[in-house]
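Visitor: Have a look at the structure that comes next, please.
The values are calculated or read from the model by the stated rules, or taken from the named source; none is laboratory data. Note that this is a predicted model, so its numbers are computed, not measured. Backbone-built Cβ (ideal geometry, glycine too); neighbour counts: all protein chains shown. Only protein heavy atoms, including side chains, enter the accessible area calculation; ligands, DNA and RNA are left aside. Shrake-Rupley method; radii C 1.70, N 1.55, O 1.52, S 1.80 Å.
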Amino acid sequence: MELVEKTLNSNLKFEGKILKLKVDRVQLPDGSVSSREIVCHNGGACVLPISADGKVALVKQFRYPYKEVIYEIPAGKIDQGESPKQTAVRELFEEVGGKSNNFVDLGIIYPTPGYTNEKIYVYIALDTIYEQPSLDEGEFLDVEFFEFNKVLEMIEDNTIKDSKTIISVLRAKINNNIK
């Protein structure tokens, strides 16, 4: 059986600053018809910053949808005309004041494939040096530094719940990017 769904029609229901919501009618592989609600997103990039002495910079910020403060690596949406790597470089500096000449591409993740087309491009920035962050207007966060093994513990004990952060840290560990 071919596992492809054919789009019959698409209706834009909402268009905001960072996403769109559309509802598509689709024909399923067995010929029946169904609907798909899709959050359309331009995509984003995230970066796991690690200094030469092995310190990982995490941002701690309030995330309104969850109504809690969470730990994350620097990340942001890809701006028009910007490459994923450019986004990662920009977000590294904006959020933690980080700079690195040693970016490693760790691949792409699909954060929630059931209802969004968002792709997040994952990077690690080795030998990161830190200056004063340059936060966007309306962005409030704290930067904290941890040993890599402490970050792994924070994943294991569920202190870190953010999927892009978890995946980035584990991919860095698996790919032996950690000294």
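Visitor: I'd like to compare 153-162, 41-50: which one has the highest average count of other Cβ atoms within 10 Å, and what's the full order after that?
Guide: Working: 153-162: 14.4, 41-50: 24.1.
Going from most to least packed, we get 41-50, 153-162.
Visitor: Considering only protein heavy atoms, what is the solvent-accessible area of V104 at a probe of 1.4 Å, reported in Å² to the nearest 10?
Guide: About 40 Å², rounded to the nearest 10.
Visitor: Moving on to the next point. Under a straight-distance cross-link criterion of Cα-Cα below 20 Å, which lysines are reachable from K161, leaving out those fewer than 8 residues away in the same chain?
Guide: Partners found: K55, K60, K67, K77, K119, K150, K173.
Visitor: Also, quick follow-up: Positive end of the charge dipole of region 1-150 (Lys, Arg +1 and Asp, Glu -1 on Cβ, about the Cα centre): tell me which of L8, P113, V143 has its Cα farthest that way.
Guide: L8
Visitor: Which residues' amide hydrogens lie under 5 Å from the amide hydrogen of L48, considering only partners 5 or more residues apart or on another chain, with H built in the peptide plane?
Guide: Under 5 Å from the amide H of L48: Y123, I124, A125.
Visitor: Note the angle between two axes, namely the Cα long axis of helix 163-174 and the longest principal axis of the Cα atoms of the chain, as a number of degrees from 0 to 90, rounded to the nearest 10.
Guide: 60
Visitor: Tell me whether region 35-179 comes out rounded, prolate or oblate; compute the Cα gyration tensor, take square roots of the eigenvalues as a ≥ b ≥ c, and use a/c under 1.5 as the rounded threshold. Mind dumping the intermediate values first?
Guide: Working: a/c = 1.38, a/b = 1.30, b/c = 1.06.
It is rounded, given that a/c, with a ≥ b ≥ c, falls under 1.5.
Visitor: Now for a different question. If a/c stays under 1.5 just call it rounded; otherwise compare a/b with b/c (prolate if a/b is bigger, oblate if not). Do that for region 114-176, with a ≥ b ≥ c from the square roots of the Cα gyration tensor eigenvalues.
Guide: Cα axes put region 114-176 in the rounded bin.
Visitor: Moving on to the next point. What does the C-alpha gyration tensor say about the overall shape of region 40-108? Classify as rounded when a/c is under 1.5, otherwise prolate if a/b is larger than b/c, or oblate.
Guide: Oblate.
Visitor: Mind pulling the angle between the C-alpha long axis of helix 84-96 and the longest principal axis of the chain? Nearest 10 degrees, somewhere in 0 to 90.
Guide: The answer is roughly 50 degrees.
Visitor: Calculate the length of the line joining the C-alpha centroid of region 85-148 to that of region 154-177, in whole Å.
Guide: 14
Visitor: Taking a probe of 1.4 Å, how large is the accessible area per residue of the chain, in Å²?
Guide: Working: 10760 Å² over 179 residues.
Spelled out: the 1.4 Å probe surface of the chain, per residue, equals 60 Å².
Visitor: If you roll a 1.4 Å probe over the chain with all protein chains in place, what percent of the accessible area is carbon or sulfur?
Guide: Here it works out to 50 percent.
Visitor: Right, another one. So what is the calculated 222 nm ellipticity per residue for the chain, using -39500 (n - 2.57) for each DSSP H run with n of 4 or more, over all residues, to the nearest 500 deg cm²/dmol? Display every interim value, and only then the final one.
Guide: Working: 3 runs with 34 residues, N = 179.
Dividing the helical sum by the residues of the chain leaves -6000 deg cm²/dmol.
Visitor: Also, quick follow-up: Taking Cα centroids, how far is region 6-22 from region 37-82 in Å?
Guide: After rounding, the separation between the Cα centres reads 24 Å.
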